[in-house]
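A short worksheet on the structure shown next.
Every number here is computed from the coordinates shown, using simple stated rules; none is lab data. In this text the structure is predicted, and so the values were computed from the model without any measurement. Positions of Cβ are generated from backbone atoms using ideal geometry, with glycine treated the same way; all protein chains shown enter the neighbour counts.
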């Protein structure tokens with residue numbers, strides 16, 4: 001997944017699996033773990049969040065769309 005506090009690069013985003021955890025999705029938006037989970041709890045996360053069992057998942061394609069990134073955008 002995305003590590004550290006450095007900005008997320010396009011190639012990193014495009015290499016993500018089909019779904020990612022909230023921490024990874026939050027990092028793509030420049031959000032820390034606590035803020036990301038608070039936004040999920042409040043229904044205000046920037047993209048749809050799915051609940052799978054006791055975990056939250058975010059579709060990578062939704063991240064790409066929200067951030068204006070696509071494989072075709074070169």
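Please state the relative contact order of segment 10-66 as a whole percent: Cα pairs under 8 Å, 6+ residues apart?
Contact order relative to length: 42 percent.
What residue among 12, 62, 23 has the largest mean-square fluctuation in a Gaussian network model of the chain, using Cα springs under 10 Å?
In the Gaussian network model the winner is 12.
Fully extended, how many nm does the chain gain between residue 44 and residue 11 (0.36 nm per residue separation, minus their Cα-Cα distance)?
So the chain would gain 9.2 nm between residue 44 and residue 11.
Exposure proxy check: 24, 34 ranked by fewest other beta carbons within 10 Å?
Numbers: 24 22, 34 9.
Ranked by crowding around the Cβ, least crowded first: 34, 24.
Rounded to the nearest 0.05, what FRET efficiency is calculated for residue 72 and residue 23 with R0 set to 25 Å and r the Cβ-Cβ distance? List each step's numbers first, then the result.
Details: r = 28 Å, r/R0 = 1.10.
According to the calculation, E is roughly 0.35.
Once both labels are modelled 7 Å past Cα along the beta-carbon direction, what's the residue 52-residue 65 spacing in nm?
1.8 nm
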